[in-house]
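Everything below concerns the one structure shown next.
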Amino acid sequence: MRKQPPLYETLKIERNAMPEVWIMAEQYPYLVQRWNSQTTHPERDLELLRLRYDADGEVQATLRAIGRQKGITAERVRRRLDRIIAWLFEYTRR
């Protein structure tokens with residue numbers, strides 16, 4: 001199995017910027033619901049992000065393990081994570 005990159009590498013930021021990323025991530029549910037009514041349950045995306053990555057942005061759980069814990073498939077976990085990570089990637093570019 002291929003080792004997954006830490007969140008800070010995926011976002012192309014310095015590791016020491018992770019505290020700011022988590023602050024931004026906390027705003028995600030509010031901002032997404034306010035501007036994109038088609039996105040359902042953004043708070044669940046944030047919860048999956050917290051389960052997947054630790055405070056330093058390192059991977060701490062597999063998609064399969066998170067899926068089992070939440071009662072969804074690993075593919076569904078990946079898609080929801082992709083959505084919040086894409087948002088964070090754009091947000092960190094502002």
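Taking the criterion of being touching a strand residue (DSSP E or B) at 6+ places or on another chain (Cβ under 9 Å) and hydroxyl-bearing (Ser, Thr, Tyr), the only residue of the range 37-72 that qualifies is 53.
For the range 65-94, residues that are of a type outside the set (Ser, Thr, Tyr) and touching a residue at least 60 places away in the same chain (Cβ under 8 Å) total 3.
Taking the range 46-64 as the range and being within 21 Å of residue 29 (Cα to Cα) and either among the small types (Gly, Ala, Ser) or touching a residue at least 60 places away in the same chain (Cβ under 8 Å) (or both) as the test, the residues that pass are 55, 57. Of the residues screened, residue 28 is one that is among the hydroxyl-bearing types (Ser, Thr, Tyr), closer than 15 Å to residue 86 by Cβ and surrounded by 16 or more Cβ atoms within 10 Å (Cβ to Cβ). Of the numbered criteria (1) touching a residue at least 40 places away in the same chain (Cβ under 8 Å); (2) more than 13 Å from the chain's Cα centre (by Cα), the one residue 10 fails is (2). If I filter the range 48-66 for residues that are among the hydroxyl-bearing types (Ser, Thr, Tyr) and either crowded, with 16+ Cβ neighbours inside 10 Å or within 18 Å of residue 11 (Cβ to Cβ) (or both), do I get at least one hit? Yes, there is a match, as at least one residue in the range 48-66 is among the hydroxyl-bearing types (Ser, Thr, Tyr) and either crowded, with 16+ Cβ neighbours inside 10 Å or within 18 Å of residue 11 (Cβ to Cβ) (or both). Against the condition out of contact with any strand residue (DSSP E or B) (no Cβ under 8 Å at 6 or more places or on another chain), more than 12 Å from residue 85 (Cβ to Cβ), surrounded by 14 or more Cβ atoms within 10 Å (Cβ to Cβ) and among the basic types (Lys, Arg), how does residue 34 come out, does it pass? So residue 34 does not fit the description; no.
Every number in this text was worked out from the coordinates using simple rules, so none of it is lab data. Treat the numbers as computed from the prediction; the structure is a model and nothing was measured. Neighbour counts are summed over all protein chains in view; Cβ atoms, including those assigned to glycine, are modelled from backbone coordinates with ideal geometry.
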